[in-house]
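Enquirer: To start, I am sharing the structure in question, which I have written as structure tokens.
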Protein chains: 2
Amino acid sequence: MKKVGIGIDIGGTNTQIGFVDKEGNVLLSTKMSTSIGETFEDYLDELYNTIEKAKKESNEDFDILGIGIGAPNANYYKGTIEFAANLRWKGVIEVTKLVTEKFGLPSVMTNDANAAAIGEMVFGGAKGMDDFIMITLGTGVGSGIVTGGKLVYGSDGFAGELGHVRVEKNGRLCGCGKRGCLETYTSATGIKRTAFEVMADRNEKTSLSSLSYDELTAFHIYEAANNGDHLAREIFRKTGTILGEALADFVAAGSPQAIFLFGGLSKAGDLILKPTEQAMEENLLHIFKNKVKVQFSHLDGDSAAVVGASALAWNEFDK
Amino acid sequence: MKKVGIGIDIGGTNTQIGFVDKEGNVLLSTKMSTSIGETFEDYLDELYNTIEKAKKESNEDFDILGIGIGAPNANYYKGTIEFAANLRWKGVIEVTKLVTEKFGLPSVMTNDANAAAIGEMVFGGAKGMDDFIMITLGTGVGSGIVTGGKLVYGSDGFAGELGHVRVEKNGRLCGCGKRGCLETYTSATGIKRTAFEVMADRNEKTSLSSLSYDELTAFHIYEAANNGDHLAREIFRKTGTILGEALADFVAAGSPQAIFLFGGLSKAGDLILKPTEQAMEENLLHIFKNKVKVQFSHLDGDSAAVVGASALAWNEFDK
């Protein structure tokens, strides 16, 4: 009988499910639509059936230690999803209580960036590290902060919103209503905004100038930069510089051993990493210089969300 | 026999010593010059004699549980003072090792801002709080961050340098070599710099305009503001606004239950508190609004450094 933690990643569109062993291997995986049914209870019925079906088809015997869930607007302390704009369930949903009742298993939940941090700590590059920061560079910018070997949840379970730290006074308007948040510069949308600013500033012909605001994506900028487009390379330099400057501040606060980058934009490799490292080092206090390693997550991008969610269960229930 | 922790605050000029009971009362206090002798060993001999003398004169019997030390550039993990610009001992001094050998007592050391945070947690307004931030507004700006009931020391023992978070791109030159650090705006020197900027901008006659840069202190600005000087009040508003905006970022990171202000500038009361609170609330993410209390330290300013240092000992050795 194989001991596993179930990881469930609840996304706006799909829910990914994985049975993950102690080494972080996904032994069984399945998925379903997140928008099934009207209520969370309908969704939960489908989730249960989906998992039972996958178990039956696998013909394996599993010793399940618990369920870890990654979800937007998740409150770790209460086990609730609260007012999630990207999910159809309104108000406050008592997720872990209902999941535990349904499955007869202990369950624990946090947001996806925190789950990624725990995943890195349990299975990835942060094994054995007591102090590190995970920055997720996706549609938005999220973070998970680990100090003294523990994830920082804060007084209400919502700590780690480094994507909404202000990096520019009177800067870009953010979806949160504030201006100048890190997220407006270093997310996938942020780098697109920078592309349009740079094009407006330079008025040069580039491979990006034929695309509309609706058409252009971070991937186009990545491709252009790889094909030697100077403007595209500068767009990455600007993005990395803003990220690195912000990281220097995060280091002053928490003095982490390492900072991990995760999510879509981190796929750009050195295009984003090099200017980030350089700007961070230039802006570090002397005592922190040449101490903090910026690196990409060691988790496999495709399964990272599920593996991270399962790591929550391994971290809490494998005593 | 009264159980006490010895608190030692090593300042640039004086060393303050206190015997502090479990309730935070200073039962015995003494002090000496920090610049006695040539080496740290000379200083330690004098420290030992000073404490023995005070004990003898008090005619009390103490059960001493250990020694807590607050000092600049203190490394909590190693118990060392490292390259402290304001102390005469050069290089790396193995303070806790030597103190423990000399006194035959366990000892622990951190910097003054961290000691203030522990003091607040053990004896002050943060009793029972698991997540809070202490900001010290003195000659410089320091901080102690507590999450999950533990002080954040980071990977090297030097975490909590919130005074060197950048609040203004290409802002004021800081003693650390960077530009735009919080410390350059919200320390005692920072508010003086703001005063000169505001006078330069307005070119109005005020009670401050008769003082030279060498003469003007934060206390003059405080007195002028209390006497109804509009410019002085605006200087406090600007200072509080910059502090409050920075606090909003710290809340996004750590979601503390409260933020405590300590040190010289906090003596200005509502002049600094009101604009700080207002700017913080205006810049908080929605999920954090109306949750975080900004308040002054509950510790008595005169004995706070020694009480904070003793709290380190109470926190670590009273098991």
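Enquirer: Does residue B:289 satisfy the condition of being without any contact (Cβ under 8 Å) to a residue 12 or more places away in the chain and either away from chain A (no Cβ under 14 Å) or closer than 24 Å to residue A:166 by Cβ (or both)?
Expert: On the way: without any contact (Cβ under 8 Å) to a residue 12 or more places away in the chain: yes; either away from chain A (no Cβ under 14 Å) or closer than 24 Å to residue A:166 by Cβ (or both): yes.
Against the criterion (without any contact (Cβ under 8 Å) to a residue 12 or more places away in the chain and either away from chain A (no Cβ under 14 Å) or closer than 24 Å to residue A:166 by Cβ (or both)), residue B:289 qualifies.
Enquirer: Now for a separate question. Taking residue B:310, is it away from every other protein chain (no Cβ under 14 Å) and either touching a strand residue (DSSP E or B) at 6+ places or on another chain (Cβ under 6 Å) or closer than 21 Å to residue A:246 by Cβ (or both)? First the steps, then the outcome.
Expert: Values: away from every other protein chain (no Cβ under 14 Å): yes; either touching a strand residue (DSSP E or B) at 6+ places or on another chain (Cβ under 6 Å) or closer than 21 Å to residue A:246 by Cβ (or both): yes.
For residue B:310, the condition - away from every other protein chain (no Cβ under 14 Å) and either touching a strand residue (DSSP E or B) at 6+ places or on another chain (Cβ under 6 Å) or closer than 21 Å to residue A:246 by Cβ (or both) - is met.
Enquirer: Within region A:157-185, take every residue that is free of Cβ contacts under 8 Å to residues at least 60 places away in the same chain and hydrophobic (A, V, I, L, M, F, W, C) and give me the one that is farthest from the other protein chains (Cβ to nearest Cβ).
Expert: Looking at the filtered set, the residue picked out is A:173.
Enquirer: Oh, and also: If you go through region A:31-40 one residue at a time, do you hit one that is surrounded by 16 or more Cβ atoms within 10 Å (Cβ to Cβ), touching a Phe, Trp or Tyr at 6+ places or on another chain (Cβ under 8 Å) and outside any loop (DSSP other than H, G, I, E, B)?
Expert: yes
Enquirer: Continuing with the same structure: Of the residues A:148, A:154, which single one is at the interface with chain B (Cβ under 10 Å from one of its Cβ atoms), at positive phi and crowded, with 24+ Cβ neighbours inside 10 Å?
Expert: Residue meeting the stated conditions: A:154.
Enquirer: Continuing with this model, one more query. So for region B:222-245 (the condition being at positive phi and either buried (at least 19 other Cβ atoms within 10 Å of the Cβ) or in the same structural domain as residue B:292 (by TED's automatic domain parsing) (or both)), does at least one residue qualify?
Expert: Yes: region B:222-245 contains one or more residues that are at positive phi and either buried (at least 19 other Cβ atoms within 10 Å of the Cβ) or in the same structural domain as residue B:292 (by TED's automatic domain parsing) (or both).
Enquirer: So, one more: Residues to consider are B:188, B:224; find the one that is over 14 Å from the mean Cα position of the chain (by Cα) and either within 22 Å of residue B:264 (Cβ to Cβ) or more than 9 Å from chain A (Cβ to nearest Cβ) (or both).
Expert: B:224
Enquirer: From the list B:194, B:206, which residue is over 20 Å from the mean Cα position of the chain (by Cα), in a loop (DSSP other than H, G, I, E, B) and β-branched (Val, Ile, Thr)?
Expert: Testing whether each residue is over 20 Å from the mean Cα position of the chain (by Cα), in a loop (DSSP other than H, G, I, E, B) and β-branched (Val, Ile, Thr) leaves just B:206.
Enquirer: Shifting gears a bit: So residue B:211 passes all but one of these: (1) touching a His at 6+ places or on another chain (Cβ under 8 Å); (2) over 14 Å from residue B:265 (Cα atoms); (3) within 12 Å of another protein chain (Cβ to nearest Cβ). Which condition number does it fail?
Expert: Residue B:211 satisfies every listed condition except (3).
Enquirer: If a residue has to be closer than 23 Å to residue B:129 by Cα and within 12 Å of chain A (Cβ to nearest Cβ) to count, how many in region B:257-279 make the cut?
Expert: 3
Enquirer: Moving to a separate point now. Could you say whether any residue in region B:67-84 is part of a helix (DSSP H, G or I) and out of contact with any helix residue (DSSP H, G or I) (no Cβ under 6 Å at 6 or more places or on another chain)?
Expert: no
Enquirer: To continue, here is another question. Output yes when any residue across region A:205-215 is surrounded by fewer than 22 Cβ atoms within 10 Å (Cβ to Cβ) and closer than 22 Å to residue A:164 by Cα, and no when none is.
Expert: no
The values are calculated or read from the model by the stated rules, or taken from the named source; none is laboratory data. Keep in mind that what you see is a predicted model, and the values were worked out from it rather than measured. Here Cβ is always computed from backbone atoms with ideal geometry, including for glycine, and neighbour counts include all displayed protein chains.
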